[in-house]
Amino acid sequence: MSNLYSYVNVDRPAPKCLATSQEIRDRGSAFMGSVYRARTIEEAKATISHHRNVVHAGKKAYEISAWRCMILKHGKSGLGGPDDFEVKAGYDDDGEQWAGSKVSRVMQHEGVLDAVVIVSRWFGGTLLGPVRFAHIETCASEVCRTFKRVEEMEECISTLTRLDNMLASLRQELSDLTQDAELATSGSTPARTASDEIVDAEGRRSRQPDYTVVQRDLDITKARRLVSARENAVKSVKSLLSKKRMILASTEG
């Protein structure tokens with residue numbers, strides 16, 4: 001089944017699991033949560049099928065799942081703002097009665113959207129009673145919180161990239177204005193040395209930092225500090241630019 005499933009779906013990339021929970025073991029049963037992105041109900045259901053038939057191929061488990069997707073309302077363009085969208089949610093017990101609704105409530109409580117959460121349960125032969133729902137909710141909560149951290153980290157990286165590009169542009173503008181000011185006062189362009197070229201090359205490299213480690217470790221605190229530092233750097237360079245423009249304007253006057 002798994003080989004057939006993977007073969008007929010080669011035209012679409014395999015869903016990427018963003019996080020898995022710690023495994024909980026209780027009297028022979030095991031529980032583990034997983035979370036994937038899913039922006040449509042169809043994508044959510046395809047992901048559940050992939051998880052069951054490919055990720056857990058040959059490992060019989062209850063795949064308890066729930067999804068919440070922000071969907072564009074029928075007849076709406078999306079240009080009307082939040083009112084053009086609605087949340088479509090659903091769940092699948094997969095034979096573990098009432099379990100899917102537990103996962104769905106966890107997703108709602110954590111504010112998770114455009115995702116599907118799957119809690120896999122391997123039955124060990126002993127009935128656990130209501131405690132099984134606590135295990136399911138624990139697994140679901142863990143991956144939901146990680147999902148939110150992944151989203152926040154992606155926003156931080158996007159902001160950092162935008163600020164880095166802005167900072168590079170501002171620094172280049174400041175460098176150009178500095179040369180213009182020197183030219184205006186001396187009447188000639190300052191000679192550039194090999195040392196100047198090396199410093200410029202190193203400066204260009206330093207303006208393209210690598211955030212791979214921060215993103216991999218989901219170090220939100222460090223990412224926030226970096227965003228704050230970049231914002232302060234942008235303000236500082238803008239202030240220098242303003243002063244340099246004033247000096248250049250007074251020289252030209």
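Observations on the structure shown:
- Per-region count, segment 117-142, residues closer than 14 Å to residue 62 by Cβ, of a type in the set (S, T, N, Q) and assigned to a loop (DSSP other than H, G, I, E, B): 0
- Among residues of segment 26-37, those that are touching a strand residue (DSSP E or B) at 6+ places or on another chain (Cβ under 8 Å) and open to solvent by 10 Å² or more (accessible area, probe 1.4 Å), counted: 2
- Figure legend. Inter-residue proximity from segment 74-95: first residues open to solvent by less than 60 Å² (accessible area, probe 1.4 Å), second residues modelled with pLDDT of 85 or more and of a type in the set (Asp, Glu), beta-carbon distance below 6 Å, spacing 6+ or different chains. Indicated pairs: 78/84; 94/63.
- Figure legend. Inter-residue proximity from segment 155-173: first residues closer than 24 Å to residue 220 by Cα and in contact (Cβ under 8 Å) with a residue 24 or more places away in the chain, second residues part of a helix (DSSP H, G or I) and open to solvent by 70 Å² or more (accessible area, probe 1.4 Å), beta-carbon distance below 7 Å, spacing 6+ or different chains. Indicated pairs: 156/224; 157/215; 163/231.
- Sole residue being touching a residue at least 40 places away in the same chain (Cβ under 8 Å) and among the basic types (Lys, Arg), chosen from 145, 105, 149: 149
- Of all residues making up segment 47-71, the number that are out of contact with any His (no Cβ under 9 Å at 6 or more places or on another chain) and either over 16 Å from residue 17 (Cβ atoms) or part of a strand (DSSP E or B) (or both): 10
The values are calculated or read from the model by the stated rules, or taken from the named source; none is laboratory data. All of these numbers come straight from a predicted model, not from anything done at the bench. Using ideal geometry, Cβ is built from the backbone for each residue, glycine included, and neighbour counts are taken over all protein chains shown. We work out accessible area using only protein heavy atoms, side chains counted, and drop any ligands, DNA or RNA first. Shrake-Rupley method; radii C 1.70, N 1.55, O 1.52, S 1.80 Å.
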